[in-house]
1. When ASP82 is evaluated against the numbered criteria (1) part of a loop (DSSP other than H, G, I, E, B); (2) at pLDDT 85 or above; (3) open to solvent by less than 20 Å² (accessible area, probe 1.4 Å); (4) not β-branched (Val, Ile, Thr), which criterion, by number, is the only one it fails?
2. Could you please tell me which pairs satisfy a Cβ distance under 6 Å, a separation of 6+ or placement on different chains, a first residue in region 34-53 that is under 23 Å from SER6 (Cβ atoms) and touching a residue at least 60 places away in the same chain (Cβ under 8 Å), and a second residue that is open to solvent by 20 Å² or more (accessible area, probe 1.4 Å) and assigned to a helix (DSSP H, G or I)?
3. How many residues does region 89-126 hold that are among the polar types (S, T, N, Q) and either under 21 Å from TRP149 (Cβ atoms) or part of a loop (DSSP other than H, G, I, E, B) (or both)?
4. Residues of region 54-79 being outside any strand (DSSP E or B), without any contact (Cβ under 8 Å) to a residue 60 or more places away in the chain and not acidic (Asp, Glu), which ones?
5. Is it the case, given these coordinates, that GLU122 is open to solvent by less than 70 Å² (accessible area, probe 1.4 Å), modelled with pLDDT of 90 or more and out of contact with any His (no Cβ under 6 Å at 6 or more places or on another chain)?
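The values are calculated or read from the model by the stated rules, or taken from the named source; none is laboratory data. These numbers come from a predicted model, not from an experiment. Here the Cβ is made from the backbone with ideal geometry for all residues, glycine too, and neighbour counts use every protein chain on show. Protein only, heavy atoms only, side chains kept; ligands, DNA and RNA dropped before computing areas. Shrake-Rupley method; radii C 1.70, N 1.55, O 1.52, S 1.80 Å.
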Amino acid sequence: GITTYSMQSGTPKLLTDNDNIWDDEAANDLVAIDAHWTTARFYDMMNDSLNYAGLDGNGKSMNPVIFYGGMENFVNAFWDGDKAYFGQGDCHNGPLTTLTIVAHEFTHGVTQYNSNLIYNGESGALNESLSDVFGKALDIYINKNNFSWDLGPDFSLSPFSELFRSFS
């Protein structure tokens, strides 16, 4: 139910590994592992907590794409209607493949398959709010005893990065 791609070369390429030991830092396997593992945890949370499998509730695949923008400094993530794309960050921000961000983006997909919310105005705000809530839900699901109500600083390499949102 999860297929991970990389856009390191500019176009989405399916990630594979010959020995199934994902440890090649030179090939950026660590970012791939992070994206794939985090997506799997979101899938598990939805299935375990809500009996909901995949994007559509019936097992539709969740496909993360890492290194959107090639190797340029892209500090963002987005849902395109089919896949979730994650930038690699820059000198202040690491790859955007954290629990809250991955769950946030895939929740846009879940919302797409379950409602007719148009991503505009108030319905767009509802879409963003639902994605934020499920982002924090995954954080709590994984880090029951050690989580923060803040959304955003978990991918920062800098103590000066801005907080995106706080649920406190």
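1. Status for ASP82: all satisfied but (3).
2. Here the result reads THR38/LEU99; ARG41/ILE142, each pair linking region 34-53 to a residue that is open to solvent by 20 Å² or more (accessible area, probe 1.4 Å) and assigned to a helix (DSSP H, G or I).
3. Residues that pass the stated criteria total 8.
4. Matches in region 54-79: LEU55, ASN73, VAL75, ASN76.
5. No; evaluated as a whole, the condition is false for this residue.
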